[in-house]
Amino acid sequence: MENLPQTTVEKIEAFMKKWFKHFDDLDENSFFLQYLSEDVKMKFPGSDLFIGHEGFSNWFTESKNNLLDKTTHHISDIEIKESAQNQFDITFKVRYIAEMKDNKIDMNVREDWKLTWNEVNNQPLISEYLVS
């Protein structure tokens, strides 16, 4: 049986697994920046809305400096809706577990992403990343 090409939804789901694996491993900021639009809007619990690569880099560097070890993200209930051609609204749940210098975190959050799938380079670009 020949391999059928992946649908864009399957590609997005595979990307999400890769994204959170790199988050859990506390990868370099540059890994994430390639998938974030220059004017990405991001919001995480305990932080104000920030825009752009510099905002992400500052937030992630500070977060990594406060972590004692790698983190764990369990994603579930993924809903991917195509709002326009190759533009997707993605909603899902995450259980986030981390050990910080001053406390342990084990919380459930909801994430809402706006993502465009670039067919030319066959990769996603996130323009909105909201965690509540």
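Before moving on, here are some points about what is shown:
- Highest mean packing first, where packing is the average number of other Cβ atoms within 10 Å per residue, the peptides 50-56, 125-131 line up as 125-131, 50-56.
- Protection-proxy order for peptides 11-18, 100-107, each taking the mean of Cβ atoms within 10 Å per residue, highest first: 11-18, 100-107
- Between 0 and 90 degrees, the angle of helix 52-66 with respect to the longest Cα principal axis of the chain falls at about 50 degrees.
- Where the chain is the region considered: accessible area per residue in Å², 1.4 Å probe: 62 Å²
- Accessible carbon and sulfur surface of the chain relative to its total accessible area, %, 1.4 Å: 47 percent
- Both numbers refer to the Cα atoms of the chain; Rg and Dmax are 15.2, 54 Å.
- Between the amide H of V40 and those of G52, H53, distances stay under 5 Å, these residues lying 5 or more places away or on another chain, with hydrogens modeled in the peptide plane.
- Potential lengthening of the chain between K101 and E62 amounts to 12.8 nm, from the contour at 0.36 nm per residue minus the alpha-carbon distance.
- Residues in the stretch 29-44 reached by a label modelled at V131 [backbone nitrogen below 12 Å; 7 Å Cα→Cβ]: 42-44
- Relative to the longest principal axis of the Cα atoms of the chain, the long axis of helix 8-24 makes an angle of roughly 20 degrees.
The values are calculated or read from the model by the stated rules, or taken from the named source; none is laboratory data. As the structure is a computational prediction, the values presented were derived from the model and not from experiment. Because the Cβ atoms are built from the backbone with ideal geometry, glycine has one as well, and the counts that use them run over all protein chains shown. For the accessible areas, the whole protein counts, side chains as well, though only heavy atoms, and no ligand, DNA or RNA atoms are used. Shrake-Rupley method; radii C 1.70, N 1.55, O 1.52, S 1.80 Å.
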